[in-house]
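The values are calculated or read from the model by the stated rules, or taken from the named source; none is laboratory data. All of these numbers come straight from a predicted model, not from anything done at the bench. Cβ placement follows ideal geometry from the backbone for every residue including glycine, while neighbour counts extend to all protein chains displayed. Only protein heavy atoms, including side chains, enter the accessible area calculation; ligands, DNA and RNA are left aside. Shrake-Rupley method; radii C 1.70, N 1.55, O 1.52, S 1.80 Å.
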Amino acid sequence: MKTGILTNIHNLPAGLKGLCTGFPELDPDPEFPFRLTEVWAMKIKKAGDPLFIQAIPSRFERDRLPSESNDPLAEERFMVSPGLVHRYPDRVLLLLTDNCDMHCRHCFRRSFSGKGGGTLNQAELEAAAAYVRAHEEVHEIIYSGGDPLTLDPAVLEGCFTAMHFPGRNMVRRIGTRVPVVSPGRINDRLLNVLTKQKPLWTMLQINHPDELCQESLRALAALREAGAVLLNQTVLIDKVNDDPEILKRLCHILVENGIKPYYVFQGDLAGGTSHLRVPLKKGWEIMKQLRRKVSGIALPVFAVDLPGGGGKIPLTESYFIREDAEGLVFTSPEGGEYCYPVEE
Ligand SMILES: *Cc1c(COP(=O)(O)O)cnc(C)c1O
Ligand code: SF4
């Protein structure tokens, strides 16, 4: 299944090569290696467009800010056994593999992904399982990486089997970009493995409407038919989706296809991604406008993972103004004050 992956920026198909020539920022030798699928490359229309920016290395990745880090979420600190991150009491994150079919230039796990660490071995899986077995407060396992759906379906099934806890209620979640990066992987062999885990909460990462080509929509429909629950996380990226109209189009297409927009993330402080980050205040303004453009089911929560291991917080607008003798006073989205009485 390695076919269709481009790893040599000096030997690109003619069309993409032409576009890269017209990109003055191009870095042919980036620290986070170039890796891209032909399927994604076909969706790029011009140099500097939203799909190009997510895929093609820029020399601005060499700029490191003092605020940036190789481990912006301090996942190392919360790693309780190889690949297993226990940050929140009721859920664990399991980094099954470091492999991705595409190296997203904005990746916050760029110091881990694609670094040749490979896939967890049997002993590591058993250590992770032993930890979860001993921690009864864990109610949810999030399979991530890298991209777990790049694993051979038989290997993925082995991981699921190792993390099986008979007699215990457990929610399963998986994070993946495969449906938009390499939709051909969503075949019957993979679907047969996934369907046994249903309802598998599938956390997609789709950042721009143009990522959803016909092939990707087919793959997403197949996942849903196999019993996956589809949610999407979008990373706010400069010149990709830092615009309420683009996010509105994205959220509409997602909901039309049965995918719930779950989070919009402020960019994490991963080293070499400052040119891709949107200032937090601007993100806030964009989300305020989005709120007025889409319905409740199409509206994602704007969130940031606080640097240094502070965890995720929602960056929601507050409508609360004050509490007075009558009750709690709020503003409505159109302005004006409304009181909800405190009843004793
Ligand atoms: C994001 C994240 C989760 C999941 O958080 P939700 O708000 O439930 O989506 C769990 N563990 C870690 C370490 C995370 O970074
Ligand atoms: S698919 Fe996810 S883990 Fe892999 S490079 Fe992209 S953002 Fe990073």
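Taking the mean number of other Cβ atoms within 10 Å as a proxy for protection, how do you rank 107-115, 294-302, 17-25, 181-189 from highest to lowest? Don't skip to the end; give the middle numbers.
On the way: 107-115: 20.6, 294-302: 16.0, 17-25: 13.3, 181-189: 19.0.
In descending order of packing, they fall as 107-115, 181-189, 294-302, 17-25.
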Here the Cα Rg-to-2.2 N^0.38 Å ratio for segment 126-245 is 1.15
Under 5 Å between amide H atoms, partner at least 5 residues away or on a different chain: which partners does I206 have, H built in plane at 1.01 Å? Q233
Taking a probe of 1.4 Å and leaving out DNA, RNA and ligands, segment 1-56 shows per residue an accessible area in Å² of 53 Å²
Note, segment 288-300: 3J(HN,Hα) by Karplus (6.51, -1.76, 1.60, θ = phi - 60°), whole Hz, Gly/Pro = x, goes 4, 5, 4, 3, 8, 9, 10, 6, x, 6, 8, 9, x
Once phi is turned into ³J(HN,Hα) by the Karplus curve 6.51 cos²θ - 1.76 cosθ + 1.60 with θ = phi - 60°, what whole-Hz value does each residue of segment 166-177 show in order, with x for glycine and proline? x, x, 10, 6, 9, 8, 10, 10, 9, x, 7, 10
Would you mind checking which residues have amide H under 5 Å from R87's amide H? H placed 1.01 Å from N; only 5 or more apart, or other chain. L93
Please report the carbon-and-sulfur percent of the accessible area for the chain; probe 1.4 Å, protein heavy atoms only, DNA, RNA and ligands left out. 55 percent
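Need one number: convex hull volume per residue for the chain, Cα atoms only, in Å³. Write down the numbers at each step before the final one.
Numbers: hull volume 55.4 nm³, N = 344.
About 161 Å³ per residue, rounded to a whole number.
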Report for the chain the percent antiparallel among DSSP-assigned beta bridges with both residues inside it, nearest 5. 40 percent
Report the calculated FRET efficiency for E137 and A325 (r = Cβ-Cβ distance, R0 = 35 Å), to the nearest 0.05. 0.25
State, as an integer percentage, the relative contact order of the chain based on alpha-carbon contacts under 8 Å between residues 6 or more apart. 15 percent
If the cut-off is a Cα-Cα distance under 17 Å, which aspartates and glutamates reach K248, setting aside same-chain residues fewer than 8 apart in sequence? D210, E211, D238, E256, E285
How many angstrom lie between the C-alpha centres of segment 198-259 and segment 266-299? 16 Å
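Take the cross-link list K17/K293; K43/K282; K17/K282; K17/K198; K198/K239 and give me the ones stretching past 31 Å between alpha-carbons. Numbers along the way, then the final one.
On the way: K17/K293 38 Å; K43/K282 28 Å; K17/K282 34 Å; K17/K198 42 Å; K198/K239 37 Å.
From the list (K17/K293; K43/K282; K17/K282; K17/K198; K198/K239), the Cα-Cα distance tops 31 Å for K17/K293; K17/K282; K17/K198; K198/K239.
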Here P(r) for segment 291-344, Cα-Cα distances in 10 Å bins, as whole percents, is 20, 32, 32, 16, 1
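Residues of segment 181-307: accessible area per residue at 1.4 Å, in Å²?
Details: 5250 Å² over 127 residues.
Computed with neighbouring chains in place, this is 41 Å² per residue.
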